[in-house]
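Taking it in order: structure first as structure tokens, then the write-up.
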Amino acid sequence: MSREEALKLLKDNLPNQNLIKHCLAVEAIMRALARHFGEGDEEKWALAGLLHDIDYEKVKDDLSQHSLLGAKMLEDLGVDKDICQAVKVHNEAHGIKPETLMEKALFVTDPLTGLIVAAALVLPSKKLVDLTTENILNRFKEKAFARGANREIIQKCEELLNLSLEDFTRMGLQAMQGISADLGL
Ligand SMILES: [Fe+2]
């Protein structure tokens with residue numbers, strides 16, 4: 001599946017603009033991580049990020065199906081098996097352990113984007129360009145801030161990706177700054 005096809009599929013399935021932006025953010029970070037790890041197939045990592053929440057509109061009232069349905073939808077469309085599996089395991093609620101580097105990357109990247117967006121939105125300018133890694137790390141420690149961004153999972157960047165929280169956060173911020181216009185931030 002090409003990126004263009006994937007983006008169309010995403011827009012057909014997700015009416016919520018913020019969710020589309022979330023998917024674009026995860027895509028950008030996944031691409032940066034693939035590059036960092038010297039993974040040849042950056043596009044595969046990027047697609048996994050872009051498509052990971054494809055089922056959200058359909059499962060929003062019953063999140064127990066979230067990611068299981070998404071993986072099935074993508075499988076039925078003939079999407080690469082590795083991508084389907086990464087989509088399936090990204091929802092920690094199912095307790096499936098991420099095994100491959102791509103699965104691990106998607107797993108920890110998903111909650112990071114929410115923390116970065118929330119940290120940007122409380123700046124006077126509300127712009128990613130004015131956000132710093134240090135600022136995000138401070139927000140990370142504030143438990144009441146952006147509660148939905150699961151710190152325990154973000155922190156797993158250390159054991160799963162062998163990246164310090166600081167390095168992971170910096171890479172995430174830079175990747176999102178690179179698409180700030182698309183994110184409207
Ligand atoms: Fe997500």
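The values are calculated or read from the model by the stated rules, or taken from the named source; none is laboratory data. This structure is a prediction, so every number in the text was calculated from the model and none was measured. No Cβ is skipped: glycine too gets one built from the backbone with ideal geometry, and neighbour counts run over all protein chains shown. Surface areas here come from the heavy atoms of the whole protein model, side chains and all, with no ligands, DNA or RNA. Shrake-Rupley method; radii C 1.70, N 1.55, O 1.52, S 1.80 Å.
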- Note on the structure: Here the FRET efficiency for THR132 versus ASP82, based on Cβ atoms and R0 = 35 Å and rounded to 0.05, is 0.55
- Could you let me know the centre-to-centre spacing of the stretch 72-122 and the stretch 124-142, using Cα atoms, in angstrom? 23
- With DNA, RNA and ligands ignored, accessible area of LEU9 (1.4 Å probe; Å², nearest 10): 30
- Query: Roughly how big is the stretch 1-57's charge dipole about its Cα centre, with Cβ charges of +1 (Lys, Arg) and -1 (Asp, Glu), in debye to the nearest 20?
  - Reply: 200
- By its C-alpha gyration tensor, with a ≥ b ≥ c as the square roots of the eigenvalues, how is the stretch 59-105 shaped: rounded for a/c under 1.5, else prolate for a/b larger than b/c, else oblate? oblate
- Query: Distance in nm between label sites at ARG147 and LEU123, each 7 Å beyond Cα in the beta-carbon direction?
  - Reply: 2.6
- Query: Helix 3-13 versus the longest principal axis of the chain: what is the Cα-based angle in degrees, 0 to 90, to the nearest 10?
  - Reply: 90
- Message: With a 1.4 Å probe and all protein chains left in place, how much accessible area per residue does the chain have, in Å²?
- Response: 50
- ASN162/LYS97 FRET efficiency (R0 22 Å; Cβ-Cβ; nearest 0.05): 0.85
- Enter the accessible area of THR100 (Å², nearest 10), with the probe set to 1.4 Å and all protein chains included. 70
- For the stretch 82-129, give the percent of accessible area contributed by carbon and sulfur heavy atoms, probe 1.4 Å, rounded to a whole number. 57
